[in-house]
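Below is one structure, written out as structure tokens; comments come after it.
The values are calculated or read from the model by the stated rules, or taken from the named source; none is laboratory data. Treat the numbers as computed from the prediction; the structure is a model and nothing was measured. All Cβ positions, even for glycine, are placed from backbone atoms using ideal geometry, and neighbour counts span all protein chains on display. Quick note on the areas: whole protein, heavy atoms, side chains included, nothing else; ligands and nucleic acids left out. Shrake-Rupley method; radii C 1.70, N 1.55, O 1.52, S 1.80 Å.
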Amino acid sequence: MSRNLLHKTKLEAFKTFLSKSGIEHRRGRGAFQVLQVRLKSGQWQCVFDRLDAPEHYTVAHPLEGLVHRFIKQAKQAA
């Protein structure tokens, strides 16, 4: 997992990005899963909350490329 990849203030924008991209997502399960995202492979990968990282979420390794694409697109739009 990658640490400090998705800022907590960007979660709603990330969900909007996923919806516009046609990528299925759902609410996470348990105390630390914030979001589950379905990849092209059909697997569900998670965005996790962490007690020791108050400003960022941890993202499962298979989601890193998608999150980087979201961040790049957001920077280009600004």
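For the chain, the set of trypsin sites (Lys or Arg not before Pro) satisfying both a DSSP loop assignment and a count of at most 15 other C-beta atoms within 10 Å is given as ARG29, LYS40, ARG50. Counting only the backbone N, which residues of segment 48-78 are under 15 Å from the spot 7 Å out from the Cα of SER21 toward its beta-carbon? Zone members listed by number: 59-77. Report the FRET efficiency, 1/(1 + (r/R0)^6), for PHE32 and GLN76, where r is their Cβ-Cβ distance and R0 is 35 Å, rounded to 0.05. My answer for the efficiency is 0.65.
What part of the accessible area of the chain, given as a whole %, is carbon or sulfur when the probe is 1.4 angstrom? Write out the running numbers ahead of the final one.
On the way: 2630 of 5250 Å².
Its accessible area is 50 percent carbon and sulfur atoms.
Once the Cα-Cα distance is subtracted from the 0.36 nm per residue extended length, the LEU11 to LYS40 segment shows a gain of 8.4 nm.
Looking at the chain, the chymotrypsin sites (Phe, Trp or Tyr not before Pro) that sit in a DSSP loop and have at most 16 other Cβ atoms within 10 Å of their own Cβ are PHE32. Less than 13 Å apart at the alpha-carbon level, and either on another chain or at least 8 residues along: which aspartates and glutamates does that give for LYS20? The reachable aspartates and glutamates, counting only those whose Cα sits under 13 Å from LYS20, are GLU12. Partner aspartates and glutamates whose Cα lies under 18 Å from the Cα of LYS10, excluding those fewer than 8 positions away in the same chain, are identified as GLU24, ASP49, GLU55, GLU64. For the chain, GluC sites (Glu not before Pro) are listed when DSSP marks them as loop and at most 14 other Cβ atoms sit within 10 Å of their Cβ; the list is GLU24, GLU55.
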